[in-house]
């Protein structure tokens with residue numbers, strides 16, 4: 001029994017939403033003349049009293065198999081079976097539990113998306129103030145092309161903005177109400193599912209009751225989008241962790257996000273980053289767990305109806321916490337621009353640019369130019385016009401006819417960066433990218449505000465309808 005009860009998590013969070021759903025259900029039933037307003041009002045008043053006491057005040061017996069049967073038992077104890085027996089009219093235990101968790105996932109996801117947008121906005125701010133902070137980038141842990149830290153920050157912001165799009169897509173599916181779908185088939189009552197969805201702040205209803213009952217892919221979609229986002233945050237954290245190391249020394253977090261060692265006082269550990277990988281690992285595990293529950297049970301068994309939403313609720317909170325941490329930590333970053341620039345200048349950053357200069361100015365193919373530069377570097381890790389002319393003649397079979405001084409000027413690290421101006425690290429290009437991101441994130445905030453307003457308006461309408469029923473009910 002204890003092991004079974006572990007699968008019924010988040011009762012403290014879910015009970016208020018379960019009560020909201022029950023009140024919306026009763027409002028609709030009274031409007032449709034299924035339940036007398038006086039009876040509906042008495043149940044609503046009882047539910048509100050239970051809600052004020054919270055889960056701790058609810059006599060909870062695990063053997064009753066879930067939160068909804070315990071809620072119904074308490075309402076019936078207080079009001080009698082002739083009144084309390086109307087609470088679950090047309091509704092199944094699993095359906096009630098599923099809808100309550102769906103409301104929690106929807107509302108928590110709205111808050112989590114706001115936290116993720118905070119991270120993207122912090123990265124855009126970094127892109128704006130570090131668009132000229134020259135640094136080397138690496139592939140296979142080797143120096144590759146020179147970039148700027150602002151360019152890197154913009155890239156990460158675009159990635160998180162893509163995560164927000166995936167989360168919006170997941171939200172669109174979790175925002176379709178399952179309320180009053182019944183048990184497998186809808187009840188033969190004049191149910192108005194659209195009215196219940198409206199009172200609960202949903203954007204629409206699922207059209208097929210059987211599909212709605214087994215539509216755990218909506219929660220799995222949330223878990224999937226969160227898992228990818230958490231993995232992205234972990235990659236970002238690991239990269240910054242390395243760049244904050246003494247071997248690189250490119251950046252440092254503020255003192256509120258770093259700490260010394262228990263034994264070695266000279267250390268400045270970026271503790272703000274240490275939780276990213278564990279959260280990502282749990283997110284990936286939650287996705288795998290949810291997929292196993294979803295795929296491992298026949299649809300007619302109903303495996304995972306409660307378990308999968310529980311995993312979504314747990315994960316949303318953890319990922320949102322990580323987002324809030326990163327959003328607070330990123331603005332404290334300080335950059336050692338001199339060290340970053342020096343590393344870029346010593347990184348053979350001129351090599352790729354020299355290849356392209358030869359392609360454009362010496363009328364040779366890319367592969368020939370690549371071979372010329374490769375042989376040049378075999379003889380020394382610097383650019384010298386005389387040596388380039390000799391290697392070029394050996395590889396291509398004709399003299400190199402370009403201005404050596406112009407080549408030297410074009411191989412300056414900042415000139416290299418400035419030449420990559422189409423979606424690249426050129427400061428003007430990064431500024432343009434930051435502006436695109438600001439516009440997209442502003443649009444996302446408008447959507448988020450509108451969706452939160454819709455939930456708030458629905459809550460106010462539900463409260464007003466509940467107050468009307470309670471006022472009409474005879475007082476005990």
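Readers should treat all values here as calculations from the given coordinates under stated rules, not as data from a laboratory. Everything quoted here is computed from the prediction, not taken from an experiment. All Cβ positions, even for glycine, are placed from backbone atoms using ideal geometry, and neighbour counts span all protein chains on display.
So if we plug the beta-carbon distance of residue 217 and residue 274 into 1/(1 + (r/R0)^6) with R0 = 35 Å, what FRET efficiency do we get, rounded to 0.05?
The computed FRET efficiency comes out at 0.55.
Go ahead and estimate [θ] at 222 nm for the chain from helices alone: -39,500 (n - 2.57) per DSSP H run with n ≥ 4, summed, over the residue count, rounded to 500.
-22000 deg cm²/dmol
In nm, what is the difference between 0.36 nm times the number of residues separating residue 415 and residue 389 and their Cα-Cα distance?
Length gained, residue 415 through residue 389: 7.2 nm.
Can you tell me how segment 157-259 classifies by the Cα gyration tensor, rounded, prolate or oblate, using a/c under 1.5 as the rounded cut?
prolate
Students often get this wrong, so try it: which of (i) 30.4, 105; (ii) 28.3, 92; (iii) 30.0, 113 is Rg and Dmax of the Cα atoms in Å as calculated from the structure shown?
(i)
Direction-averaged shadow area of the convex hull around the Cα atoms of segment 348-419, nm²?
Spelled out: convex hull of the Cα atoms, projected over all directions, averaged, 4.1 nm².
Say R0 is 41 Å: what FRET efficiency, to the nearest 0.05, do residue 405 and residue 445 get from their beta-carbon distance?
0.20
Can you give the % of DSSP beta bridges in the chain that are antiparallel, to the nearest 5?
Bridges in the chain are about 80 percent antiparallel.
Tell me, what is the percent relative contact order of segment 348-419, built from C-alpha pairs under 8 Å that lie six or more residues apart?
35 percent
Describe numerically, in nm with one decimal, the distance between label points set 7 Å from Cα along Cα→Cβ at residue 328 and at residue 189.
In this crude spin-label approximation the distance works out to 4.6 nm.
If each residue of separation counts as 0.36 nm, what is the full-extension length gain between residue 367 and residue 338 once their alpha-carbon separation is subtracted?
7.0 nm
With each pseudo-label sitting 7 Å past Cα toward Cβ, what's the residue 428-residue 382 distance in nm, one decimal?
Using points 7 Å along Cα→Cβ, the separation is 3.3 nm.
State, to one decimal in nm, how far the label point of residue 356 lies from the label point of residue 288, with both points 7 Å from Cα in the Cβ direction.
4.1 nm
Starting from 0.36 nm per residue, how many nanometres of slack lie between residue 281 and residue 49 once their C-alpha separation is accounted for?
Separation in residues times 0.36 nm, less the Cα-Cα distance, equals 79.4 nm.
Where the centroid of each part is defined by its Cα atoms, how far is segment 76-94 from segment 100-144 in Å?
Using only Cα atoms, the two centres lie 47 Å from each other.
I'd like the FRET efficiency for residue 235 and residue 267, computed as 1/(1 + (r/R0)^6) with the beta carbon distance as r and R0 of 25 Å, rounded to 0.05.
0.60
Please work out the C-alpha center-to-center distance from segment 313-340 to segment 217-237 and express it in whole Å.
That distance is 16 Å.
So how do 261, 177, 419 line up by other beta-carbon neighbours within 10 Å, fewest first?
261, 419, 177
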